[in-house]
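Here the structure comes first, spelled out in structure tokens, and everything after it is commentary.
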Amino acid sequence: MLYIIEDMINGVLMGSIYGLTAMGLTIIFGVLKVINFAHGSLLMVGMYATYWAITLTGVHPYLALAMVIPAMFIFGYYLQAIVIKPIFIAEKNVREPITVIIVTTGIWYILDNLALLVFGPQYRSLADNPLKGKMLEVGGMFVSQPKLFGFITAIITASTIHWFLQKTVMGRAIRATSMDREAASLMGINQYRIYNVAFGIGAATTGIAAVTLLPFYNVFPTVGVLFDIKCFIIVVLGGLGSISGALLGGIIIGLIESVGPQFMTATWTEAIVYGLFLLVLFVKPSGLFGQKHDW
Amino acid sequence: MSLLEIHKIDAFYGDVQVIYEMSLRVDKGEVVSIIGGNGAGKSTLLRVISGLMQASAGRITFQGTDIHTEPPENIVTHGIVHVPEGRRLFPLMSVKDNLLVGAYNKRARPDVEKTLQEVYQLLPRLAERESQLAMTLSGGEQQMVAIGRGLMSKPHLLMLDEPSLGLAPILIKDIFETVRKIADLGTTVLMVEQDVRHSLSLSDRGYVLEHGRVVMEGKASDLIDDPHIRTAYLGM
């Protein structure tokens with residue numbers, strides 16, 4: 001019994017980190033209405049940024065946030081402004097600009113291969129890692145300390161983004177654009193600037209996820225691919241565009257992955273995740289927290 | 001010089017021309033109605049003025065400045081706001097947030113609290129409903145929010161596209177009374193309407209559009225007595 005509780009706790013912790021990883025994807029989709037296939041690559045870039053920030057300065061892994069968040073925001077902002085925006089403008093009269101998806105796929109390949117070229121294929125992990133393998137003992141149960149930090153970070157990040165979207169002028173402009181970009185432009189909102197900011201926030205959030213992952217994860221050029229599919233599932237499960245949905249979707253998957261192996265072969269848990277994913281698609285296609293607002 | 005001057009504009013949807021060499025003007029303090037049947041180009045005209053569409057020829061000046069090449073977000077800053085057909089509220093935002101978004105442009109932003117109180121005074125229903133999601137409001141209330149959101153941008157010229165569309169007659173009366181009040185408070189209004197009788201009766205001047213051309217213009221009181229208007233638009 002204790003094992004199961006321990007697994008559940010670790011599942012929730014890991015799941016919240018999955019959710020954090022997917023949060024950037026859901027933010028970018030929510031505003032741009034485009035699935036960002038380069039999402040895993042953003043995570044990879046964030047992880048390399050974290051890796052080098054920590055390795056070169058020797059700070060505590062979590063202090064890297066102070067460098068990674070602004071760096072990733074700027075990276076995302078200009079990636080959208082320079083590479084993606086021209087496609088949006090060219091496709092201005094198309095309701096669902098599919099070509100943008102293809103562009104993000106191109107960005108994925110370019111970033112992954114650039115990383116391979118620059119950093120080589122080897123797996124890297126933090127050499128001097130104060131969080132490595134640290135466990136907390138709570139009533140006979142062991143809880144991974146870096147995952148606990150990740151969980152706390154995920155909750156703080158989700159609440160901060162929620163607050164930002166609800167209570168600030170820029171946040172309201174982002175929400176307005178996500179609901180009706182033409183009406184938003186009639187209110188004086190430059191939709192492309194909002195896209196830049198949303199992409200920046202999405203990338204920065206992904207950078208935060210990278211910081212939480214690195215203390216117990218290796219970084220290599222294709223690390224993003226491992227998270228890509230998971231992120232897509234989480235985001236669809238929780239509801240495209242919903243921040244809390246991403247967190248919850250992540251936790252559900254984390255729970256299945258950690259508790260499942262107690263009862264069956266670990267590979268079966270994958271099948272359960274996909275089964276649940278299909279079930280949600282059949283029953284509530286907008287996702288658990290998704291809202292339909294076409295009226 | 002008029003507040004808004006439109007000089008011989010053409011506008012197309014793809015290859016289809018919907019506006020032909022259209023010229024009109026709106027003077028400061030006026031209420032001007034644009035009437036015409038479906039497909040006459042009324043909404044397109046407003047979309048061209050607000051920058052959602054570009055005119056392929058001609059020019060538009062507002063307070064003496066050319067605006068026809070500017071994107072919609074800049075045109076709001078100049079002081080023209082377009083309340084679009086079908087209201088186009090932000091459905092999952094509260095009434096108050098919808099209004100606050102209206103004051104996004106940099107000219108209106110510093111005074112947002114003051115403008116909000118003015119809008120609440122003009123449309124007291126919105127104050128009661130401020131925390132309700134826009135999608136849960138009735139059609140009449142939604143139209144009030146749309147107008148209020150437009151006023152939040154501190155416009156010199158308020159453009160309304162079919163404010164009475166889909167509303168019950170009693171609500172239509174409310175909306176038109178509100179429009180009259182807004183005009184009396186000093187905002188110039190350019191209004192597109194299907195409800196010809198109501199809109200002309202509160203307007204100073206009117207333009208009649210047919211097939212993308214201005215076919216008649218004049219004082220609203222003259223238009224309402226015109227035999228062509230009476231048969232074609234008032235059914236008399």
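Derivation of every value follows stated rules applied to the coordinates shown; laboratory data play no part. Predicted model, so just to flag it, every value in this text is computed and none were measured. Heads up, the Cβs are rebuilt from the backbone with ideal geometry, glycines too, and the neighbour counts pull from every protein chain shown.
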(message) What does the charge count around residue A:42 come to, taking other residues whose C-beta lies under 14 Å from its C-beta (Lys +1, Arg +1, Asp -1, Glu -1)?
(response) -2
(message) Rounded, prolate or oblate, given the Cα gyration tensor of the stretch A:89-153, with a/c below 1.5 counting as rounded?
(response) oblate
(request) Run down the lysines and flag those whose C-alpha is under 27 Å from the C-alpha of residue A:147, throwing out any fewer than 8 positions away in its chain. (result) A:132, A:134, A:230
(message) Using Cβ contacts closer than 10 Å as the measure, can you line up A:288, A:237 from fewest to most?
(response) A:288, A:237
(request) Mind jotting down a quarter of the surface of the convex hull over the alpha carbons of the stretch B:1-134, in square nanometres, one decimal? (result) 9.5 nm²
(message) Using only the alpha-carbon atoms, how far is helix B:112-122 inclined from the longest principal axis of chain B? Give it as 0 to 90 degrees, nearest 10.
(response) 70 degrees
(request) Work out from phi, with θ = phi - 60° and the Karplus expression 6.51 cos²θ - 1.76 cosθ + 1.60, the ³J(HN,Hα) of each residue of the stretch A:242-258, listed in order in whole Hz, and give x for Gly and Pro. (result) 9, 5, 5, x, 5, 4, 5, x, x, 5, 4, 5, x, 5, 4, 5, 9
(request) Provide the FRET efficiency to the nearest 0.05 for the residue A:118-residue B:15 pair, computing r from the beta carbons and using R0 = 45 Å. (result) 0.35
(request) Looking at the protein assembly as shown, send over the antiparallel percent of its DSSP beta bridges, to the nearest 5. (result) 60 percent
(message) Counting only other chains, and only Cβ atoms inside 10 Å, what mean value do you get across the residues of B:66-75?
(response) 3
(request) Indicate, rounded to the nearest 5 percent, the antiparallel portion of the DSSP beta bridges found entirely in chain B. (result) 55 percent
(request) For n ≥ 4 DSSP H runs only, could you compute -39500 (n - 2.57) per run for chain A, divide by its residues and tell me the 222 nm figure to the nearest 500? (result) -23500 deg cm²/dmol
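Let me check I have the definition right: for chain A, take the eigenvalues of the Cα gyration tensor, multiply each by 5, take square roots. What are those semi-axes in whole Å, largest first?
Each semi-axis is the square root of five times an eigenvalue, giving 31, 23, 18 Å.
When B:73, B:21, A:6 are ordered from fewest to most other Cβ atoms inside 10 Å of their Cβ, what list results?
The order, fewest Cβ neighbours first, is B:21, A:6, B:73.
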(message) What is the angle, in °, between the Cα long axis of helix A:145-167 and the longest principal axis of the Cα atoms in chain A? Nearest 10 is fine, range 0 to 90.
(response) 20 degrees
(request) Have a look at A:185, A:41, A:244 and tell me which one the Gaussian network model of chain A (Cα, springs below 10 Å) gives the largest fluctuation. (result) A:185
(request) Report, in deg cm²/dmol and to the nearest 500, the calculated mean residue ellipticity at 222 nm for chain B, where each DSSP H run with n ≥ 4 adds -39500 (n - 2.57) and the sum is divided by the residue count. (result) -10500 deg cm²/dmol
(request) Mind jotting down the distance between the C-alpha centroids of the stretch A:10-76 and the stretch B:1-79, whole Å? (result) 46 Å
(request) With a bin width of 10 angstrom, please list the P(r) values of the protein assembly as shown as percents of all Cα-Cα pairs, from the 0 bin to the one holding the largest distance. (result) 4, 17, 24, 20, 15, 11, 7, 3, 1, 0
(request) Under 16 Å Cα to Cα from residue B:173, which lysines show up? Leave out anything in the same chain fewer than 8 places away. (result) B:181
(request) Quick one: of A:85/A:167; A:33/A:92; B:28/B:154; B:106/B:154, which pairs are farther than 19 Å apart, Cα to Cα? (result) A:85/A:167
(request) Enumerate the calculated ³J(HN,Hα) couplings along the stretch B:140-157 in order (Karplus 6.51 cos²θ - 1.76 cosθ + 1.60, θ = phi - 60°), each rounded to whole Hz, writing x wherever the residue is Gly or Pro. (result) x, 5, 4, 5, 4, 4, 4, 5, x, 4, x, 5, 4, 7, 6, x, 8, 10
(request) Could you list which residues have their amide H under 5 Å from that of residue B:191, counting only those 5 or more apart in sequence or on another chain, with H placed in the peptide plane? (result) B:32, B:33, B:34, B:160
(request) May I ask which residue of A:41, B:53, A:151 lies farthest towards the positive end of the charge dipole of the protein assembly as shown, with charges of +1 (Lys, Arg) and -1 (Asp, Glu) on Cβ and the Cα centre as origin? (result) A:151
(message) Quick check on the stretch A:179-295: take the gyration tensor over C-alpha atoms, sort the square-rooted eigenvalues as a ≥ b ≥ c, and tell me if it's rounded (a/c under 1.5), prolate or oblate.
(response) oblate
(request) For helix A:266-283, report the angle its Cα long axis makes with the longest principal axis of the Cα atoms of chain A; keep it between 0 and 90° and round to the nearest 10°. (result) 30 degrees
(request) Take the Cα radius of gyration of chain B and divide it by 2.2 N^0.38 Å, with N its residue count; two decimals is plenty. (result) 0.97
(request) For the stretch B:48-61, just list the computed ³J(HN,Hα) in residue order, Karplus coefficients 6.51, -1.76 and 1.60, θ = phi - 60°, integers in Hz, with x standing in for Gly and Pro. (result) 6, 5, 7, x, 5, 10, 9, 6, 8, 8, x, 9, 10, 10
(request) Place +1 on the Cβ of every Lys and Arg and -1 on the Cβ of every Asp and Glu in chain A, take the dipole about the Cα centre, and give the residue among A:192, A:249, A:267 whose Cα lies farthest towards its positive end. (result) A:192
(request) Write down the Å³ per residue value for the convex hull defined by the alpha carbon atoms of the stretch A:1-77. (result) 118 Å³
(request) Among A:98, B:80, A:174, rank each residue by its count of other Cβ atoms within 10 Å, from fewest to most, as a rough exposure measure. (result) A:98, A:174, B:80
